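In what follows, a single structure is set out as structure tokens and then discussed.
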Amino acid sequence: QVALLDIDICGPSIPKMMGLEGEQVHQSGSGWSPVYVEENLGVMSVGFLLSSPDDAVIWRGPKKNGLIKQFLRDVDWGEIDYLIVDTPPGTSDEHLSIVQYLSAAHIDGAVIITTPQEVSLQDVRKEINFCHKVKVPIIGVVENMSGFICPKCKNESQIFPPTTGGAEKMCQNLNISLLGKVPLDPQIGKSCDKGQSFLSEVPESPATSSYRSIIQRIQEYCDLQHFQEEKTI
Ligand SMILES: Nc1ncnc2c1ncn2[C@@H]1O[C@H](COP(=O)(O)OP(=O)(O)OP(=O)(O)O)[C@@H](O)[C@H]1O
Ligand SMILES: [Mg+2]
Ligand SMILES: [Zn+2]
């Protein structure tokens, strides 16, 4: 049972990517009910509260924090095994409030996404430092858009060259796990635009096997953490 919470208040992409554009949140006796993609996958996003997908949300920190609090307190998620929170880029109000509101519940950890080039790694190092500062463990880093295999000639090229060694080198230097690398694949963009699952649309692609192995490593990390928590209780 999985809950997906989109706290990218100003740029919510989850409704479109999940094929839920135009859906609205329903109010029930027990609070807001999430929008379900499948029986075991519920989603909540500010996108469901807007009257048009092009509406701009122009809010300062306190208002964003208020909505994030509502998403956690007033949404009837039911019994869930995983709560996945998609954050905007950066280390701002959204990140601070989610960490604060979930501190008692205990966050298993953060999955950090980068691309191979130094400009992106520079931002990601800040995200890593943020996690250290607020004591959120880091499950690992994913290198996205890591290489491109030309569909015509099958040659691999580096669209974003890892000029400083990419995520691999950064992870070694900072002693963090590299969860995997996902290649650039135009089909990913297409699936997102159509709101369909890339994993089921293109099950045989290298990107799909990469996603699957990343998911497995995250699950193993969480299982191990819960096992250790039970032991200490
Ligand atoms: N490996 C990939 N190959 C091809 N397209 C990709 C890949 N990864 C992401 N994309 C596409 O890039 C776009 C942005 O992806 P996504 O929204 O996941 O990025 P983001 O970092 O969360 O962006 P934002 O900063 O806006 O939150 C989407 O259209 C997505 O389909
Ligand atoms: Mg995003
Ligand atoms: Zn080619």
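The values are calculated or read from the model by the stated rules, or taken from the named source; none is laboratory data. Small disclaimer: the values here were computed from a predicted structure and weren't measured. Positions of Cβ are backbone-derived with ideal geometry, glycine not excepted, and every protein chain shown enters the neighbour counts.
Restrict the check to region 200-212 and report whether at least one residue is within 16 Å of ligand 1 (Cβ to nearest atom) and among the β-branched types (V, I, T).
Yes, region 200-212 has at least one match.
Step by step: first the residues of region 142-188, then only those that are within 16 Å of ligand 2 (Cβ to nearest atom) and of a type in the set (A, V, I, L, M), then the one that is nearest to the chain's Cα centre (by Cα). Which residue is that?
The selected residue is V142.
Which one is farthest from S28 (Cα to Cα) among residues in region 74-90 that are more than 16 Å from ligand 1 (Cβ to nearest atom) and either free of Cβ contacts under 8 Å to residues at least 24 places away in the same chain or in a loop (DSSP other than H, G, I, E, B) (or both)?
The residue in question is D81.
The conditions are (1) farther than 24 Å from H226 by Cα; (2) of a type in the set (V, I, T); (3) at pLDDT 95 or above, and I149 fails exactly one of them. Which is it?
So I149 meets the others, but not (3).
Looking at region 98-116, which of its residues are out of contact with any strand residue (DSSP E or B) (no Cβ under 9 Å at 6 or more places or on another chain) and either at positive phi or touching a residue at least 40 places away in the same chain (Cβ under 8 Å) (or both)?
Answer for region 98-116, where residues must be out of contact with any strand residue (DSSP E or B) (no Cβ under 9 Å at 6 or more places or on another chain) and either at positive phi or touching a residue at least 40 places away in the same chain (Cβ under 8 Å) (or both): just H106.
Criterion first (part of a loop (DSSP other than H, G, I, E, B), modelled with pLDDT under 95 and not polar (S, T, N, Q)) does G19 satisfy it?
No.
Could you count how many residues in region 91-128 are away from ligand 2 (no atom under 16 Å from the Cβ), under 30 Å from Q27 (Cα atoms) and part of a loop (DSSP other than H, G, I, E, B)?
7
Could you list, in sequence order, all residues of region 22-55 that are in a loop (DSSP other than H, G, I, E, B) and either within 16 Å of ligand 2 (Cβ to nearest atom) or among the small types (G, A, S) (or both)?
Passing the criteria: G22, G29, S30, S51, S52, P53.
Among the residues of region 170-178, is any exposed (fewer than 14 other Cβ atoms within 10 Å of the Cβ) and either within 16 Å of ligand 3 (Cβ to nearest atom) or in a loop (DSSP other than H, G, I, E, B) (or both)?
Yes: region 170-178 contains one or more residues that are exposed (fewer than 14 other Cβ atoms within 10 Å of the Cβ) and either within 16 Å of ligand 3 (Cβ to nearest atom) or in a loop (DSSP other than H, G, I, E, B) (or both).
Would you confirm, using the coordinates I've provided, whether I159 is touching a residue at least 24 places away in the same chain (Cβ under 8 Å) and within 16 Å of ligand 3 (Cβ to nearest atom)?
Spelling it out, I159 is indeed touching a residue at least 24 places away in the same chain (Cβ under 8 Å) and within 16 Å of ligand 3 (Cβ to nearest atom).
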